[in-house]
Amino acid sequence: MAKCKQFAYCIVLFLHLIGSSMAAHTTPDDDVLEWVKKDNRRFLHADIRVGDLNSTIKFYTESLGMKLLSQKDFPEQKYSKAIVGFGPQDTHFVLELTYIYGVDKYDIGTGFGHFGIATQDIYTVVENIRAKGGVITREPGPIAEGGSTIFAFVQDPNGYSFELLQRPPTPEPLCQILLNVLDLDRAIEFYEMALGMNLLQKYDNPQEQFSMAMVGYGSNLTQTTVLELRYNYNVTEYTKGDGYAQVAIGTDDVYKSAAAVKLVTKELGGQIILPPVSFPTTNIKITSFVDPDGWKTDLVDNEDYLKQLQKKE
């Protein structure tokens, strides 16, 4: 009983400290929404759970051309983690792979779509994947008859889908995350207002019964990572599964970022699920929320993130 009371006291104290910290960083509503547009932001990483870490790393490095940036085992917590990407974490968007001991399969669900990878030679990449026994779900070809965009689809060993896009050289080869949404205009407005993203492209495809929007930072669709928001006609529900976890985005101030998100959720939906806090184990300030469709985002302090990366080097 004494231990329970002590634990309860610690929880209350922790929540009080979070509330006090947020109060100390209060900013007027209009100011914080304008500040979001000027914040220094970029996509840091997307987190997914995998059933076989070694085979996943092998596929991403040998078939997709990524690099293994780090790998660590946490036996006491019974999980392992690896970071893969096309360049260093301090400058590139990467994938964070988590393997939980004893779990060999995850449900990806119907809501998560795919990741996108830009490549200069899509045909060679696809043939390399095929030669290594990979799954090609769409052969390389134009998006439509006479179209100029060449793309293909492949699957990793866990069932995650990757769209390969034929493009000139780009600083961010890991270039897209597709998330299905139930209201495209609401989703666009949410990411513009709450996260300061720009609408880079929007189009409707009545023939194939879907609408799409690309949102992200910067102004050039082919030079940055984007969220690909897709609305499928007449679909009223998606399953999230337990494979895809969240995307992390850097910010110069998690307190102002959280304040902006909280304001926007009041109008458009969504919820702050972790108020701004600094984790003692990493000294990284972070806040987390879900958007109106339930997709999770972590907002991570830029300076803390870089300091943590430097410690690992």
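List every residue pair whose Cβ atoms lie under 9 Å apart, where the two residues are 6 or more positions apart in sequence or sit on different chains, the first residue falls within region 189-200 and is of a type in the set (S, T, Y), and the second residue, located anywhere, is in a loop (DSSP other than H, G, I, E, B) and surrounded by 16 or more Cβ atoms within 10 Å (Cβ to Cβ).
Going by the 9 Å Cβ cut-off, the qualifying pairs are Y191/M197; Y191/D291.
Would you point out the residue of region 174-214, among those that are part of a helix (DSSP H, G or I) and charged (D, E, K, R), that is surrounded by the fewest Cβ atoms within 10 Å (Cβ to Cβ)?
First, pick out the residues of region 174-214 that are part of a helix (DSSP H, G or I): 184-195.
Restricting the remaining residues to those that are charged (D, E, K, R) gives 185-186, 189, 192.
Numbers: D185: 13, R186: 19, E189: 16, E192: 16.
Across region 174-214, the extreme among qualifying residues is D185.
Checking V126 against (1) under 19 Å from V50 (Cα atoms); (2) of a type outside the set (D, E); (3) buried (at least 17 other Cβ atoms within 10 Å of the Cβ), which test does it fail?
(1)
If only one of Q176, Q155 is free of Cβ contacts under 8 Å to residues at least 60 places away in the same chain and under 30 Å from K67 (Cβ atoms), which one is it? Walk me through it before giving the result.
Details: Q176 fails: free of Cβ contacts under 8 Å to residues at least 60 places away in the same chain.
Sole residue among the options that is free of Cβ contacts under 8 Å to residues at least 60 places away in the same chain and under 30 Å from K67 (Cβ atoms): Q155.
Looking only at region 124-143, decide whether some residue is part of a helix (DSSP H, G or I) and under 19 Å from the mean Cα position of the chain (by Cα). Lay out the reasoning, then the answer.
Residues of region 124-143 that are part of a helix (DSSP H, G or I), as a first pass: 124-131.
Subset that is under 19 Å from the mean Cα position of the chain (by Cα): none.
No, region 124-143 has no match at all.
If you scan region 274-289, which residues turn out to be surrounded by fewer than 17 Cβ atoms within 10 Å (Cβ to Cβ) and within 25 Å of E34 (Cβ to Cβ)?
Within region 274-289, just L274 meets the criteria.
If you go through region 225-259, how many residues are in a loop (DSSP other than H, G, I, E, B), open to solvent by 30 Å² or more (accessible area, probe 1.4 Å) and of a type in the set (S, T, Y)?
4
Quick one: is G218 open to solvent by 40 Å² or more (accessible area, probe 1.4 Å) and modelled with pLDDT under 95? Steps first, answer last, please.
Details: open to solvent by 40 Å² or more (accessible area, probe 1.4 Å): yes; modelled with pLDDT under 95: yes.
Yes, satisfied.
Mind checking whether some residue in region 107-121 is touching a Lys or Arg at 6+ places or on another chain (Cβ under 6 Å), open to solvent by less than 80 Å² (accessible area, probe 1.4 Å) and either outside any strand (DSSP E or B) or charged (D, E, K, R) (or both)?
For region 107-121, residues touching a Lys or Arg at 6+ places or on another chain (Cβ under 6 Å), open to solvent by less than 80 Å² (accessible area, probe 1.4 Å) and either outside any strand (DSSP E or B) or charged (D, E, K, R) (or both): present.
The values are calculated or read from the model by the stated rules, or taken from the named source; none is laboratory data. Because the structure is predicted, anything quoted here is derived from the model rather than measured. Using ideal geometry, Cβ is built from the backbone for each residue, glycine included, and neighbour counts are taken over all protein chains shown. For the accessible areas, the whole protein counts, side chains as well, though only heavy atoms, and no ligand, DNA or RNA atoms are used. Shrake-Rupley method; radii C 1.70, N 1.55, O 1.52, S 1.80 Å.
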